[in-house]
Amino acid sequence: MTIRDLIDPANVPNLQIHRIAGLKKDAFLERVACVRAIRGLDERRELTWYPTTAREWTLWEDIHNAVNKGEFGNVGVREDYYPFGLVLPRPLHNLFERNDLAVIQRQVVAYLATVLAYDPDGEKFIPDQVFPPVAQMAQQARAELYPEQVDQNLLWEEFLPDVDKAFTTYSGAPAFEFLRFPPYTQRPHDVTSRWWIDSEFHLGYGSYYFTGTDWKTLIVEKGDDALMRSESDKETWELWLHAFKLGGLNLGSEASFFATPAVRGTIYVIRQEGSDHYKIGWTTAENPAARLRSLQTGSPKKLELIGHFSAASRTTEGTVHRLFSTHRTSGEWFTLTEQQVSDLLDPAWRRSQQIN
């Protein structure tokens, strides 16, 4: 399977590439005016939920920064290459876009803790193979989440409710879809293909780039090269060019092996009685009843709580608002159908949308 085999891939362009050259956008565009295609590369064994090195662990943060902040400082391309963008499977892109980094990291740790608890070989390999700070967190999480000895005769399906409970306790969300099948032989084919899983522990993604030679010829020496190579792609270049002409700015972030823990909360759905007018909001309380009372005080119309669900971070609220943005009437109020509300309150639907 290659980048071109992905259905509905997500293209994440590097809109700050000109800054590396110390050029303004117009000047950079002049130097790449002769280019007609750009080289592409499959990064097959980079992003993993079994990180054995600091590089493998921090790649989660690097790609999260690329998707959400436009920062491409270290996204898996060779050091002598210049990254122009990434191509991600759509579910993986949604995962990065719709979840705090801390939630994603803690999901990976919860997975390793689950392997330690469920797999008799886990204790043999994880402490020695996994990146030490992550292995230590996984061992601590295993003690917290699975204090009792797990029955090794349990089928995975029988153990799964305990797994989701453990993941929710530790990360604020049930296990991500690709983490719900630790025995990789049991992972459904559709999950493997949609997430571009190319081995037991790795998610595939693609990048497109200039080599050091390309950069020197085109950017430094102002030379001429259309970059029409066997590994190059015209459509990807045209897409990057279009995005670059419209692109904006980004901000930096503090460096750390672990992100600041996300603040968990509750997403609630409140309706004006007898209407299709719904408020989708966030509260740090587990039960939004107090929030309902507060809203009712300032509303002349009767309000009713339709449902609520736990959220791994405040990011979830923004994600839901974006999904229903075309139905927004004002602020946090939306005009929705009963089916849309039913979907939002359905854990399976939320998992399919990477809403956690």
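Quick notes on this one:
- Entries in LYS24/LYS69; LYS279/LYS302; LYS69/LYS245; LYS69/LYS165; LYS165/LYS279 that, when Cα-Cα distance is taken, lie over 22 Å: LYS69/LYS165; LYS165/LYS279
- Most mobile listed residue (GLY73, GLY40, GLY223) in the chain, GNM with C-alpha springs under 10 Å: GLY223
- Among ALA311, ALA289, ALA117: highest mean-square fluctuation, GNM of the chain, C-alpha pairs under 10 Å: ALA289
- Most mobile of HIS321, HIS64, HIS93 in a GNM of the chain (Cα contacts under 10 Å): HIS321
- Kirkwood Rh, Cα atoms: Rg over Rh of region 80-222: 1.10
- Under the span-like rule (Cα at least 20 Å along the axis, Kyte-Doolittle mean at least 1.0), DSSP H helices of the chain: 101-118
FYI, it's all coordinate maths here, none of it is from the lab. Just so it is clear, the structure is predicted and the values come from calculations on it, not from any experiment.
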